[in-house]
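Since every read-out is calculated from the coordinates, none of them should be taken as a lab result. Keep in mind that this is a model prediction, so the values were computed, not measured. Because the Cβ atoms are built from the backbone with ideal geometry, glycine has one as well, and the counts that use them run over all protein chains shown.
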Amino acid sequence: MIMDRLLICVLLSIVIFNCIGLSQDIRPDISQSPTTARERMKAWDHHVKLKNESIFKDLQWRAAGPRFQGGRIEAIAVPAGKPDTIYVGVGAGNVWKTTDKGKTWQAIFENESTFTIGDIAVAKTNPEIVWVGTGEVLMARSSFAGTGVFKSTDAGKTWRNMGLHDSHHIAKVIINPDNPDVVYVAVIGHLYTYNEERGVFKTNDGGKTWQRCLYIDEKTGAIDLVMDPSDSKILYAATWQRSRKAWNHTSTGPGSGIYKTTDAGKNWKKLTNGFPVGENVGRIDLDVAPSNPQVVYARHAASGTEGGVYKSEDGGESFVKVNQQNISSGYDFCLINVSPDNENDVYLPGSNSFVSQDGGRTFTKIEGEVTHMLHHGSQVLHLDTHEWWIDPEDPDRILMGNDGGLYLTEDCCQSWLHINNLPIGEFYAISVDMAEPYNIYGGTQDDAALFGPSTYELSQGGEDPWQHVYIDRWGGGDSYFTYPDPTDPNTIYYEHQFGDLRRKNMKTGETKGIRPRAERGDTALRRNWMTPFFISHYNPSTLYYGANKLFKSQDQGDSWTCISGDLTTEPGPEKQGNVPYGTITTISESPLQEGFLYVGTDDGNVQVTQNDGQDWTMIKNGLPDKWVSRVVASQHEIGTVYVSLTGYRDDDFSVYLYMSSDFGKTWEPIASNLPMESVNIIREDHRDKNILYVGTELGIYISLDRGKKWHSLCNNLPTTPVHDIAIQPRENDLVIGTHGRSVFILDIEDIVER
């Protein structure tokens, strides 16, 4: 019997090596051109059609939380005279509305062509008119492109897309206080590529037509726009030259600057007297003092002496740098706000937030006692503020939107209420255990690693049973892959950015850093922002970890062995920037043979070993030269493997989805009828080899025939990016981690029978 098994293993190894032998590097010719706005809107129509016609549309997802942790608030709007009504825009989680000061919320932007929010504005003369600019301002890895500007005429019950489809990212919407048909929109433009639809746009007819009234160039957009409260013809705009690549981001350039119009946008003048100009000018935020509109403040996010707070007392004709303190803001958190009743009371929301009472000469850090609407482990204000709203009728009342959610003070920052009851968790990855009932684990952007019971339903209300695996001293923390030890529920592995891997004993609280390091004398490792690792199917003490090389531990991470060379195409000079690149992004272990591993990288490589790293074979022939978002070894057939790739970092939203049945020697595209939506994850059904699930930037799909045809599983889901999919095999539950709407569960017990 033993000899028979050995013979089978030998024969299998021969077959595998024959199938994955070296072959000429042949890559399909995939255009690097960004997806056009017309293509994206056509793809959305197809998305809706698939959803409406799906044979699975009777299946209903259950929202499983969490909500206590918060999420990134990018926009806040309050109708005039209605202080208890608040609109919030979430970076990746739609628009929400409350009419009772945050006790209860309604999601009011769930079924549109995008989920990412840049700004919200409510007409002063008619609170039924609400505008939303889509595509968040944040210049982050997890920032998504919007699809234009939307308008509601019934306080958010229904919406209409009013155009600017190729804007991608909108920073500000301003409605004329006397005529709601006159609207200005500050468009930043594409994040990863150049485009023409940037600058300041204006409509005089409620959005039927648009005119671009301020344009710098295809590299520069408008990051801020403020109106003189005493004269609606006077506006100030801040422009920003910025771009991002997978390997680099640039946040300064000569296109950045301050502009002023005194004739409602017909003509603009660049304001340079006393304010920096040139290559080192970065992001700028502006505000006009309502109590004295001649006073204009500008906050400049730049390194060196040119960054800081500038003040004009003559309507922008001249500026003076008024503060010499080293208050770092960074290009993501560059805000400045002036109190409505005192031109000298100035706020600097940012990574930390500060206040001045002497016109910006000196600032003190904003702290204050924090209480939470739901349980939370933090006693401090969360870091990284993106929005700051001051009540024009009561300047002591302030709403803060940051990475931890929404905060309210009614005593001018002396104390804060954390309104942490929105299910807007931005999950990167999730996993499940085999407990009864089972638990869900996951890592989020900004709000730490979390776990909670699968039995929880958001509709139940009450206290949130989810908990932190950890929380940092600033009230959150970035986290990614999170796994419980399958033999010891008290041991959980989690990580911070760039692969800072930890092992925690949940009973004692003891935490140990276990990140592998380069050997002395070797070149430094390159690690992805979301570094992949996992626990082996075959031994719970065995971990695999991907940098630019693959590492293996057999003692729970206490020691590591490097089992590969550099599995990336080491980046040349043209792709060496300020972001680690040439990194492993995904690893998959075959459940059918120990030591059989696949690896995918951000520079388009897919490699395989069938002997635990002793030998590696490149199998990218036939695959596009794109970022590998996921590689999955089949649990049903030893030779079958799936790969998803994404062109998102080229503003390319095409579907790149492939299957191989010969160990990667040849690849077959299986995107078939999927709409043009970047693919984040592919997962195989645990019972039927023909059933596949795919998570995209806008939802989730199912195929019953290995990709020949896809059906929508979006059903009652909001428009949301599905970043990860897990299956709980005992319960036949499909669990998805969304980046902006927390976790959902679907019972798939009967799907096989269909």
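What to note about this one:
- Restricting the range 634-721 to trypsin sites (Lys or Arg not before Pro) in coil, as DSSP defines it, with at most 16 other Cβ within 10 Å: R687, K689, K708, K709
- Averaging 1/r across all pairs of distinct Cα atoms in the range 642-696 and inverting the result yields a Kirkwood radius of 11.9 Å.
- Additional length obtainable on full extension of the chain from Q324 to S459, 0.36 nm per residue less Cα span: 43.5 nm
- Near-label residues of the range 309-353 by backbone N, under 20 Å of a point 7 Å along Cα→Cβ of Q294: 310-322, 338-346
- Whichever lysines have a C-alpha closer than 26 Å to that of K311, once near sequence neighbours (fewer than 8 apart) are set aside: K172, K233, K260, K266, K269, K270, K321, K365
- Compared with the direct C-alpha span, the chain from T209 to D358 gains 49.3 nm at full extension, assuming 0.36 nm per residue.
- Anchor K626: lysines whose Cα lies under 17 Å away (excluding residues fewer than 8 positions away in-chain): K245, K575
- Taking 7 Å steps out from each Cα toward its Cβ at N342 and E313 produces label points 1.8 nm apart.
- Taking the range 468-507 and a reference point 7 angstrom along Cα→Cβ of N539, the backbone N atoms nearer than 18 Å belong to 485-488.
- For T104 and D750, the difference between the fully extended length at 0.36 nm per residue and the C-alpha to C-alpha distance is 229.1 nm.
- Between the Cα long axis of helix 37-53 and the first principal axis of the chain there is an angle of about 60°, rounded to the nearest 10.
- Annotation for the range 485-532: GluC sites (Glu not before Pro) lying in DSSP loop with at most 12 further Cβ atoms inside 10 Å of their Cβ are E510, E519.
- Legend: calculated FRET efficiency, E594 to V277, from the Cβ-Cβ distance at R0 = 51 Å, rounded to 0.05, equals 0.25.
- Proximal lysines to K620, defined as alpha-carbon separation beneath 16 angstrom and excluding residues fewer than eight positions away on the same chain: K665
- To the nearest ten degrees, helix 2-19 and the longest principal axis of the Cα atoms of the chain are 50 degrees apart.
- Within the chain, helix-based [θ] at 222 nm, where runs of 4 or more DSSP H residues each add -39,500 (n - 2.57), nearest 500: -1500 deg cm²/dmol
- Note on E218 and K49: their simple-model spin labels are 3.1 nm apart, each label 7 Å out from Cα toward Cβ.
- Converting phi to 3J(HN,Hα) with the Karplus coefficients 6.51, -1.76 and 1.60 and the offset θ = phi - 60°, the range 85-92 yields 9, 9, 9, 10, x, 9, x, 9 Hz in sequence order, with x at every glycine or proline.
- The range 495-547, relative contact order in percent, only Cα pairs under 8 angstrom and at least six apart counted: 31 percent
- Both radii were evaluated on the Cα set of the range 311-457; the Rg over Rh quotient, with Rh as the Kirkwood radius, amounts to 1.09.
- Modelled spin-label separation between Q635 and D555, with each label point placed 7 Å from Cα along the Cα-to-Cβ direction: 3.1 nm.
- When peptides 735-747, 200-212 are ranked by their average number of other Cβ atoms within 10 Å per residue, the highest-first order is 735-747, 200-212.
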